[in-house]
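These notes are about the structure you will find just below.
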Amino acid sequence: MHKPLLQVQGLSVAFKDERVVDDISFDVYPAETFALVGESGSGKSITALSVLRLLPSNAKVSATGIKLQNQNLLSIPEIDFCKIRGRRIGFIFQDPMSSLNPVMTIGEQIAEVIQIHFNASTAESKKAVYRLLQQVEIPEPERRIKEYPHQLSGGQRQRVMIAIALAGKPDLLIADEPTTALDVTIQAQILALLKSIQAQTGMALWLISHDLALVSNMADRIAVMQQGKIVETNTTRGFFNQAQHPYSLKLLAALPAMQSCKGKVVKTAIEPSSLLQVEGFKVYYPVRKGFFKRIVNYVRAVDGVSFKLEAGKTLALVGESGCGKTTLGKGLLNLIPHTAGSVLLNNIELTALTGDALRQMRSKIQIIFQDPFAAMNPRMLVGEIIEEGIKALHPDIGVEQRQQRVAHLLQQVELPPAVALRYPHEFSGGQRQRICIARALAVAPELIVCDEPTSALDVSVQAQIIALLKNLQQQQGISYLFITHDLAVVAEIADEVAVMYQGKIVEQGGVEQVLLQPQHPYTRKLVEAVPVIDVG
Amino acid sequence: MIVLWTDALIFLLVATLFIFSVLLRNKAHLQRPLQKIACSKTAMISLLVLVFFVLIGLLDSVHFKSNENRTHEIISVLDYWAKPLRNNTEKTYSAPFSAYLYSKETLALPDGSQQWGFPRLKFGGSHLQNPDAELLSDVLEKALSGFCKGVGLVILWVVLLACIFKGRDKNLFKNTTLKAVLAVFLLLFSISYMLVDLSSYYHVLGTDKVGEDVFYQAIKSIRTGLVIGSLTTMIMLPLAITFGIMAGFFRGWVDDIIQYIYTTLNSIPGVLLIAASILMVQVYMANHAEDFNSLIVRSDMRLLFLCLILGVTSWTGLCRMLRAETLKLREMEYVQAAQALGVKRTVILLRHILPNVMHIVLISVVLDFSALVLAEAVLSYINIGVDPTTYSWGNMINGARLEMARDPVVWWSLLASFVFMFSLVLAANLFADSVRNAFDPRRTEEAG
């Protein structure tokens, strides 16, 4: 094999006394795609930042050698390092919203890089910007060049970020979770773009990701990181066919796959009673304009949705961001006012309830949120958080009984009862999500709206939470309205699927039917965009 | 014993704080932040300084009718103890530790001739025979002996306490925070002891235009500063918190009304309102002269009204901040979760919103406390602050301002008020910083 482009040897990074990256070594070869895979907190982003010297000053970095084409990066003074960052090594961040300057046009932001690194004149750099925008396949580059980041969609912003990274004509492009913040169909486009650019320019791509399926389609070689150490380095084919390390095996096993719904035994309800019945549900936001704030138009977030959910079953609501699925979920719980429609829960019309009757009905239908970090009051103890619903709806239950119930709930979500006296910030994401589930269970609901409960979690934790939810369903016969964008998770947990697109349900049916034989063109597009592990 | 209006409010405040601390003593989740405060050196040292100021302020808030000189004037416990300071007034300015007046006079010499020179002070350094030769050594000697007495007393107490507590906790004195606090206490106590000792022979910080001791003025001003800082905040807080949270949480017409009120209030110049209300109080007191027969009662009434009007004009800033924060918080998922659990709106306000805006309240209370102590100085400058007869740092600065052009300059009033005001405000700021660090769960890792 030819000489490596980037050689990292014995790299360690420590914050205070905590080692987040522990003596790792790897090489990136020219024109290859190297993927660094690991769960959040495993130190993969820190590794990339430390190579670029972008870590905060309280980080202690030590390494036996970091070489870029025989040039020792460790001995270069900071002032010369600017000629490496952006020029020799390009970088794409995870969140395109926050990595672009909102007060500069995208043309200016790309031109800035060109002018810094190539001493180009204004006219030259303008031409170069135009070429780059064409290269990243942004439609109508002449117009876009003068636009500001907020005028672009998320996918287009990420394309601009790629254009900025490419502007320096780097030998190595580091992409740190480049598609995590994007929808699945756009993710596929961005990945295809990266691949084609790599083929054109012959640069090396160092991809950092938590998503094994994505990596399997992109990478030539894979390194798996766990708690600051690289536990396995392998070719992609070798990794997916015969991974060695137990942690790699665990990651592979935890991977939800769309195929898993094949031949799923459809639960037959003992008595087919429909628990939830939604008819023509609408949530419109008025658009007000003019001096008197007249309503000139409506944003139809949810536009006439109807579905049924049977007791003890799971209905997955699938769609991309902005399709109105979260609004629908919150609208059903009356957290967002709805415009029209009827919601029947156990044949009680929820939309007609007000005041105390509504408060009492709330125990029947609960919600779990996407971000377990924002879903709990940071100033309350876990015990107080869980018992809040009991206190509100059953004020007659005594203190001791309530505490017993809290302990029992914690046991149900597989947490020790002692955690009741701790604060939410002391827990990891998965543990917090368990606490949120316990809080929802506290009032003995019949239906739980799960609003992307696993998308903020790591793969292995995600699998645990799904297993827990399934388990609870079996024991207590709770129904779930499972809102998600992740089709693999849908395959794992759902009995039925409803696909939402621009506020409307476009396709609805059994999970196997919708995922494996999609009818509607949008569903087909969605299913095709999901990266599937596919190694020859 | 006589209870003035501000006295009553101060003791009410102290009592409320005491009751709260007793009620919250056994709350498990409050123990950790409190322990963290107790372990922080900065927090404990600034608390010590604050307590020192507060104690002086409290001593100065217990008033009674004295029967000395049969004047029946109202004095405080502090006045009673500082009797020599209060009564030993000179003719006019004199520099700190000086035995002579600051301005020249025609002196009658023992031989009958007359001379143009600096006369001796009536009290300051009057025990000296030949001040030019003896002054420095005498001051040093008295300072050293006073300091040593102070140190001796503190050590005696520490040894006594150590004997009492030794059986309970062996490692008590290995605690570095305790050591630091003891060291600062030793310093603070000894210096105060030394100053008190010295001030019975000299004017430690000089005298002002009418010959009053500046050290006495500075100490008396502590109460005024504390009253303005704390009472104003207490008046302002309920308004700001209730309105701010309600506007942010309920939105709609509630928000509209509250916003209307504070925008209107904000567009009236504060100085105008303050001046108007102070004038009104004066007119009221002039019309009811029989109820305000003593100078101190009158100035107290004016102080109270100043606090009231400052409170009414200064709640808008905090209110606006709280409204914005509440707007953010009400969209948080834990608030929605509580709504989904059927928790009542008032309960959500108290349990989820209020505790999560408390850090803003805490920060702005301390900043306002400092700002109010400073605002008093500005208001006194245009004569709409506290009564000219009330001792306050603002009045001291105002008085000193007039002498800044004098040559040689009269600097001690300015310096004294600056040092006292600075140490109070700094201690309050540092303490609040530590409290915020300890009570904000998101900052626990940094605070260490």
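None of the figures in this text is laboratory data; all of them are computed from the coordinates on show. Given the structure is predicted, the values throughout are model-derived calculations rather than measurements. For neighbour counting, all protein chains shown are included, and Cβ atoms are generated from backbone atoms with ideal geometry for every residue, glycine included.
With the Cα gyration tensor of segment A:303-449 in hand, give its eigenvalues times 5 under a square root as the equivalent ellipsoid semi-axes, listed largest first in whole angstrom. Could you put the intermediate results ahead of the total?
Details: eigenvalues 159, 72, 35 Å².
Calculated on Cα positions only, the semi-axes equal 28, 19, 13 Å.
Within 10 Å of each Cβ in peptide A:360-371, how many partner chain Cβ atoms are there on average? Round it to a whole number, please.
Numbers: counts 1, 1, 5, 3, 0, 1, 3, 6, 3, 6, 1, 2.
What the average comes to for A:360-371 is 3.
Where the centre of each part is set by its Cα atoms, how far does segment B:249-327 sit from segment A:184-231, in angstrom?
That distance is 63 Å.
Based on Cα coordinates alone, diagonalise the gyration tensor for the protein assembly as shown, multiply each eigenvalue by 5, take square roots, and list the semi-axes in whole Å, largest first. Display every interim value, and only then the final one.
Details: eigenvalues 918, 277, 169 Å².
They are 68, 37, 29 Å, listed from largest to smallest.
Distance from the Cα centre of segment A:466-492 to that of segment A:1-76, in angstrom?
Rounded to whole Å, the Cα centres lie 39 Å apart.
Apply 1/(1 + (r/R0)^6) to the Cβ-Cβ distance of A:S273 and A:N70, taking R0 = 51 Å, and write down the FRET efficiency to the nearest 0.05.
For R0 = 51 Å, the calculated efficiency reads 0.10.
Treating only the Cβ of Lys, Arg, Asp and Glu as charged (+1, +1, -1, -1), what charge dipole size does the protein assembly as shown show about its Cα centre? Round to the nearest 20 debye.
Numbers: 91 positive and 85 negative charges, 149 e Å.
About 720 debye.
Give the average over all directions of the projected area of the C-alpha convex hull of segment A:142-216, one decimal, in nm². Don't skip to the answer; put the middle values down first.
Numbers: hull surface 22.0 nm².
Averaged projected hull area, Cα only: 5.5 nm².
How long, wide and thick is segment A:22-115, going by the Cα atoms along their three principal axes, in whole angstroms, largest first?
Computed over segment A:22-115, the largest-to-smallest principal extents equal 41, 33, 32 Å.
Just order A:73-80, A:204-211, A:441-448, B:216-223 by mean Cβ neighbour count inside 10 Å, highest at the front, would you? Provide the component values of the computation, followed by the final result.
Working: A:73-80: 10.9, A:204-211: 22.2, A:441-448: 20.8, B:216-223: 24.8.
Descending mean neighbour count gives B:216-223, A:204-211, A:441-448, A:73-80.
Where does the Debye-calculated log10 I(q)/I(0) of chain B sit at q = 0.06 Å⁻¹, using only Cα point scatterers of equal weight, no solvent?
Each listed q corresponds, in turn, to -0.34.
Ranked from highest to lowest mean number of other Cβ atoms within 10 Å per residue, what is the order of the peptides A:489-500, B:102-113?
Numbers: A:489-500: 24.2, B:102-113: 10.3.
Top of the packing list down: A:489-500, B:102-113.
Per-residue Cβ counts within 10 Å, from other chains only, averaged over B:327-339: what number is that?
On the way: counts 0, 0, 1, 0, 1, 7, 13, 13, 4, 9, 16, 6, 7.
For peptide B:327-339, the averaged partner shielding equals 6.
What is the packing order of peptides A:379-385, A:471-477, taking the mean over residues of other C-beta atoms within 10 Å and listing the highest first? Can you show the working numbers first?
Details: A:379-385: 21.3, A:471-477: 13.9.
Descending packing order for the listed peptides: A:379-385, A:471-477.
Could you give me D for segment B:245-393, from Stokes-Einstein at 10 °C and 1.306 mPa s, where the hydrodynamic radius is the Kirkwood radius over C-alpha pairs? Units µm² s⁻¹, please. Display every interim value, and only then the final one.
Values: Rh = 17.9 Å.
For the chosen part, D equals 89 µm²/s.
Mind checking which helices in chain A clear 24 Å along their axis (Cα) and have mean Kyte-Doolittle hydropathy of 0.5 or more, DSSP H runs only? Could the numbers behind the result be given before it?
Details: long enough: A:184-201 (26 Å, 0.80); A:459-476 (25 Å, 0.18).
Correct list, ordered by number: A:184-201.
If the viscosity is 1.567 mPa s and the temperature 4 °C, what translational diffusion coefficient in µm²/s does Stokes-Einstein give for segment A:409-483 when Rh comes from Kirkwood over Cα pairs?
Values: Rh = 12.7 Å.
The diffusion coefficient I find is 102 µm²/s.
Note down the relative contact order for chain A as a percent, whole number, built from C-alpha pairs under 8 angstrom at least six residues apart.
On the way: 1010 pairs, mean separation 84.1, N = 536.
Worked out over chain A, it gives 16 percent.
Which net charge results for the neighbourhood of B:Y216, defined as the other residues with beta-carbon distances under 13 angstrom from its beta-carbon, given Lys and Arg at +1 and Asp and Glu at -1? Before the final figure, lay out the partial values.
On the way: positive: B:K83, B:R86, B:K220, B:R223; negative: B:D60, B:D79, B:E90, B:D208, B:E212, B:D213.
Value of the local net charge: -2.
Once the convex hull of the C-alpha atoms of segment A:100-141 is built, how many Å³ does it hold per residue, rounded to a whole number? Intermediate values should be presented prior to the final figure.
Values: hull volume 3.2 nm³, N = 42.
Normalising the Cα hull of segment A:100-141 by residue number yields 77 Å³.
Lys and Arg at +1, Asp and Glu at -1: add these up for the other residues within a Cβ distance under 13 Å of B:R302 and post the number.
On the way: positive: B:R298; negative: B:D300, B:E376, B:D387.
Here the charged neighbours net out to -2.
Farthest toward the dipole's positive end in segment A:1-113, which of A:F34, A:L68, A:S45, given Cβ charges of +1 (Lys, Arg) and -1 (Asp, Glu) about the Cα centre?
A:L68
When the Debye formula is applied to the Cα atoms of segment A:227-382, each taken as the same point scatterer, what base-10 log of I(q)/I(0) results at q = 0.11 Å⁻¹?
Calculated log10 I(q)/I(0) at the listed q: -0.73.
Can you give the angle from 0 to 90° between the axis of helix B:41-59 and the longest principal axis of chain B, with both taken from C-alpha atoms, to the nearest 10?
60
If you take each beta carbon of peptide A:372-385 and count the beta carbons of other chains within 10 angstrom, what is the mean?
On the way: counts 1, 1, 7, 6, 4, 12, 7, 13, 7, 2, 0, 1, 2, 4.
If you average over the peptide's residues, the count of other-chain Cβ atoms is 5.
Quick one: Kirkwood hydrodynamic radius for segment A:305-379, alpha-carbon pairs, angstrom, one decimal?
Its Kirkwood hydrodynamic radius stands at 14.2 Å.
With a cut-off of 8 Å between alpha carbons and a minimum separation of six or more residues, what is the relative contact order of chain B in percent? Provide the component values of the computation, followed by the final result.
Details: 550 pairs, mean separation 88.6, N = 448.
Answer for chain B is 20 percent.
Listed here are the pairs A:K313/A:K391; A:K325/A:K470; B:K142/B:K179; A:K60/A:K195; B:K41/B:K328; A:K3/A:K250; which of them are more than 26 Å apart at the Cα?
Details: A:K313/A:K391 29 Å; A:K325/A:K470 22 Å; B:K142/B:K179 28 Å; A:K60/A:K195 35 Å; B:K41/B:K328 35 Å; A:K3/A:K250 33 Å.
As for pairs spanning more than 26 Å Cα to Cα, those are A:K313/A:K391; B:K142/B:K179; A:K60/A:K195; B:K41/B:K328; A:K3/A:K250.
Cα atoms only, chain A: Rg and Dmax in Å?
Looking at chain A, its Cα Rg and Dmax stand at 25.6, 77 Å.
If I take the Cα coordinates of segment A:129-185 and project them onto the principal axes, what are the three extents in Å, biggest first?
Principal extents (Cα only, largest first): 28, 28, 17 Å.
Using only Cα atoms, figure out Rg for segment A:42-178 and give it as a multiple of 2.2 N^0.38 Å. Mind showing how you got there, number by number?
Values: Rg = 15.8 Å, N = 137, 2.2 N^0.38 = 14.3 Å.
With N residues counted in segment A:42-178, Rg over 2.2 N^0.38 Å equals 1.11.
Average projected area of the Cα convex hull of segment A:400-525, in nm²?
Working: hull surface 35.6 nm².
Projected area, direction-averaged: 8.9 nm².
Taking 7 Å along the Cα-to-C-beta vector as the label spot, tell me the B:I155-B:L107 distance in nanometres, rounded to one decimal.
4.2
Going by C-beta contacts inside 10 Å, put B:D433, B:D387, A:D396 in order with the fewest on the left.
Details: B:D433 18, B:D387 23, A:D396 5.
The most exposed by this proxy come first: A:D396, B:D433, B:D387.
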